[in-house]
Structures are given as C-alpha cells and as structure tokens.
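Worksheet for the structure shown next.
The values are calculated or read from the model by the stated rules, or taken from the named source; none is laboratory data. The structure presented is a predicted model; accordingly, all values stated were derived computationally and were not measured. Quick reminder, even Gly has a Cβ in these numbers, built from the backbone with ideal geometry, and neighbours come from all protein chains shown.
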Amino acid sequence: MDGALRTMEVRGVQYRVYEAGTGTPLLMLHGFTGSHQVFQPVVAALGKKFRCVIPDLLGHGQTDAPLAPSRYTMAETLADLACLLDELEISRAHVFGYSMGGASPSPSPSRIHIASIDLLSKARLPDCLRRKSGERGALPTKRSQPSWSARGL
C-alpha cells in the first residue's frame, strides 16, 4: 500500500511519521529498537479499513534522539503522542502496539476507541487494559512471539 512518510515537529523534536490508508485512525506503536518499517507487512491489509499512523518513536528510526534522559520518560512519550495526534487533527484513535509500544498506555483514555495490544509479557500491561482470560482480545498468559493480528479491531 502506498503511504506517505513525513517529518513533523512535535514538542521541539523532529518525528518521522508514516501514514497509509483511510478510515478510522489507528495509531501503531513499534517496540524497542523498531521503527515504522516493522509494520509494513500488515499496513496493506489494515489500510483498507484504517488510517494507519505509524511514528518512529523518540530515539528510534528517523526520529530525533534528544540527549536529555528526562525526555525519554513515559510522561514525555505520552505528551508527544497526544501532540502528534493533535497535529494530525485526530481526536480519537485505535491504538496497536507491541513490546515497548504495547507497554505505553494511551496518550489520553478519552481519545482511544480500543486499546488492542499484543505483548511478549503481560506483566507491564496497565491494569485498566488487562482482560480476563477467555475474553475477546485477552492476552496470552505465557510468553509468546508477537502475532501481527490486530485482535479486537
């Protein structure tokens, strides 16, 4: 699927953001050492239903890597994601992430339709996003390889 890769200034940092598809916004968050490119195998399918918004997270891919360690806190990451959504004029979105991207809580709970997260370990998942075993979209209780299915979407 054809998409557009662009640079956006978010809170004083240059972010690289890939967008593809049309429909309901889907914010896709890669894991540690990843980039927007890890989602390329699934963007064509998801882009038929969703506007896929895939930033290279701070210090990853082609996004800036500020020197100040304080810039890498979860609070700063969430503030960046909220501003990124604002810049793209997205008021609400689905969120899909894995590994570090899946461990990130949403930028603002009121802005998220569904948090569909696939993690290697459920231990870091915020209580508000945990589902009981057997529920639709429940996370595996054993360690597993991340699947590329966006369950619940």
| remark: Across region 43-58, the tally of residues that are within 24 Å of Thr22 (Cα to Cα) and buried (at least 16 other Cβ atoms within 10 Å of the Cβ) stands at 11
| field | Search result, residues across region 1-24 that are over 16 Å from Thr63 (Cβ atoms), in a loop (DSSP other than H, G, I, E, B) and not polar (S, T, N, Q) | value | Met1, Asp2, Gly21, Gly23
| How do the helices (runs of 4 or more DSSP H) wholly within region 37-121 filter down when requiring 3 or more residues that are modelled with pLDDT under 85, touching a strand residue (DSSP E or B) at 6+ places or on another chain (Cβ under 8 Å) and not acidic (Asp, Glu): which remain? | 100-103
| task | Confirm whether Thr73 is of a type in the set (S, T, N, Q) and without any contact (Cβ under 8 Å) to a residue 12 or more places away in the chain. | result | yes
| note | When region 29-57 is checked residue by residue, the ones that are of a type in the set (A, V, I, L, M, F, W, C), within 16 Å of Glu87 (Cα to Cα) and touching a Gly at 6+ places or on another chain (Cβ under 8 Å) are Cys52, Leu57
| Whichever residue in region 2-42 is at positive phi and over 17 Å from the mean Cα position of the chain (by Cα) and, among such residues, is surrounded by the most Cβ atoms within 10 Å (Cβ to Cβ) | Arg11
| request: State all residues of region 4-36 that are modelled with pLDDT of 95 or more and of a type in the set (S, T, N, Q); if no residue qualifies, say none. | output: Thr7, Gln14
| task | Scan region 59-70 for residues that are touching a residue at least 40 places away in the same chain (Cβ under 8 Å) and over 14 Å from Tyr18 (Cα atoms) and report the count. | result | 2
